[in-house]
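The values are calculated or read from the model by the stated rules, or taken from the named source; none is laboratory data. Computed from a predicted model, the values in this text were never measured in an experiment. Cβ atoms come from the backbone with ideal geometry, glycine included; neighbour counts cover every protein chain shown. Side chains are part of the model used for accessible areas, which takes the heavy atoms of the whole protein and leaves out ligands, DNA and RNA. Shrake-Rupley method; radii C 1.70, N 1.55, O 1.52, S 1.80 Å.
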Amino acid sequence: MIERPKILVVYYTQTGQLKRIIDTVLGPLQDKATIVYEELKPLQPFEFPWKKQVFYDTMPETVLGRPRGIEPLKVNPDEHFDLVILAYQPWFLSPSQPTAAFLQSDIAGRLLKGKPVITLMGCRNMWLNAQERVKEYLQKAGAKLVGNIVLKDTSPNLVALITVLRWQFKGKKEATSLLPPAGVQEKDIVESVRFAEPIGKALETRQWDTLQPALLELGAIDLLPNLILLEGRGIRAFRYWSKFISAKGGPGAPERQGRVTMYRGLLLIGIFVLSPIAKITSILKLALNKKQLQEDVEYYKGIHLR
């Protein structure tokens, strides 16, 4: 009797949306593989909906890669898996804290070493820097990134921002008379089942080098060049503010709350007031650096680390 391949799914979700994406993508593989789910659980849970000040106060440690700890994993770190799927969300253009805590742990090194890994994201729209950090963690762990699938909110940027903030702070995902529902569109979640076929084929043949091209043919990543420019600006600002805020103490420290409030106000101004200016600048840069940006698009759609 041929033993069924084993897949380990490591994930963290606050709202349940990412688990729905996982279940949809892997649904057709349930009868072909043994799937083990490992949900990451912070020792001190992140509340949802978020309190606004707590949310913004979470930024520095997220960007600096200093996450709060997670509970011990249930899975045996020495158990063999044929494939690992790491499903995560970007926070502040970085991997979510539970994801970073897992990837920094000793158990991650034991679980991931020598394993093929597919990353699966459900996010608003900005994920490039987070994925670069994840690539670094995976490389350090000795894992081989073989695929990346990104499901994102396809609403216009500012519309998506308004709906996700409403969801984060009020817990209201549903559409209103003026706004679409928050998060990844239902149609895109349902249609993500199409990625199961190339994953299943690679799992059967162990020909992992052809997986990402096959996923891209199915639309696994939709990336506009201006996103690269916007993220570049954003992560530079986040790195500055994360150091500035954390210099006054750790998460929740009263001494740093004034700086958190300052950052919070300037961030909103930057998004709603400066975004149109940034868009015009991006158009100019796109015209002047089109070749370089196209090369960057191809790089970020790929699975290799510069």
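Taking region 177-191 as the range and being modelled with pLDDT of 95 or more and open to solvent by 50 Å² or more (accessible area, probe 1.4 Å) as the test, the residues that pass are Pro181, Glu186, Lys187, Val190, Glu191. The residues on offer are Leu266, Leu211, and the sole one that is assigned to a helix (DSSP H, G or I) and touching a strand residue (DSSP E or B) at 6+ places or on another chain (Cβ under 9 Å) is Leu211. Report, ordered by the first and then the second residue, all pairs with beta carbons closer than 7 Å, sequence separation of six or more or different chains, a first member in region 38-50 that is over 13 Å from Gln97 (Cα atoms), and a second member that is open to solvent by 50 Å² or more (accessible area, probe 1.4 Å) and in a loop (DSSP other than H, G, I, E, B). These pairs meet every condition: Glu38/Lys74; Phe48/Gln14; Phe48/Thr15. Got at least one residue in region 219-241 being open to solvent by 50 Å² or more (accessible area, probe 1.4 Å), within 30 Å of Ile7 (Cβ to Cβ) and of a type outside the set (D, E, K, R)? Scanning region 219-241 turns up no residue that is open to solvent by 50 Å² or more (accessible area, probe 1.4 Å), within 30 Å of Ile7 (Cβ to Cβ) and of a type outside the set (D, E, K, R). A single member of Val146, Val159 is open to solvent by less than 50 Å² (accessible area, probe 1.4 Å), in contact with a strand residue (DSSP E or B) (Cβ under 6 Å, 6 or more places away or on another chain) and either within 22 Å of Ala87 (Cα to Cα) or part of a helix (DSSP H, G or I) (or both), and it is Val146. Just to be sure before I move on: is Trp208 touching a Pro at 6+ places or on another chain (Cβ under 6 Å) and either among the aromatic types (Phe, Trp, Tyr) or surrounded by fewer than 14 Cβ atoms within 10 Å (Cβ to Cβ) (or both) in the structure I sent? Criteria met by Trp208. Criterion applied to Leu211, Leu224 was being more than 16 Å from Lys144 (Cα to Cα) and under 20 Å from the mean Cα position of the chain (by Cα), and the one residue passing it is Leu224. Determine which member of the set Thr119, Thr34, Thr58 is buried (at least 22 other Cβ atoms within 10 Å of the Cβ) and on the phi < 0 side of the Ramachandran plot. Only one candidate passes the filter, namely Thr119.
Every residue, every condition in (1) modelled with pLDDT under 80; (2) open to solvent by 30 Å² or more (accessible area, probe 1.4 Å), yes or no:
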{"residue": "Ile245", "(1), (2)": "no, no"}
{"residue": "Thr261", "(1), (2)": "no, yes"}
{"residue": "Arg264", "(1), (2)": "no, yes"}
{"residue": "Val273", "(1), (2)": "yes, yes"}
{"residue": "Gln292", "(1), (2)": "no, yes"}
{"residue": "Leu305", "(1), (2)": "no, yes"}
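Within region 77-94, being at pLDDT 95 or above and more than 22 Å from Gln168 (Cα to Cα) holds for Phe81, Asp82, Leu83, Val84, Ile85, Leu86.
Looking across Glu204, Glu231, one residue alone is in contact (Cβ under 8 Å) with a residue 24 or more places away in the chain, under 20 Å from Leu293 (Cβ atoms) and of a type in the set (Asp, Glu). It is Glu231. Mind listing whichever residues of region 64-116 are assigned to a helix (DSSP H, G or I), among the aliphatic types (A, V, I, L, M) and open to solvent by less than 10 Å² (accessible area, probe 1.4 Å)? Once the filter is applied, which keeps residues that are assigned to a helix (DSSP H, G or I), among the aliphatic types (A, V, I, L, M) and open to solvent by less than 10 Å² (accessible area, probe 1.4 Å), region 64-116 yields Ala100, Ala108, Leu111, Leu112.
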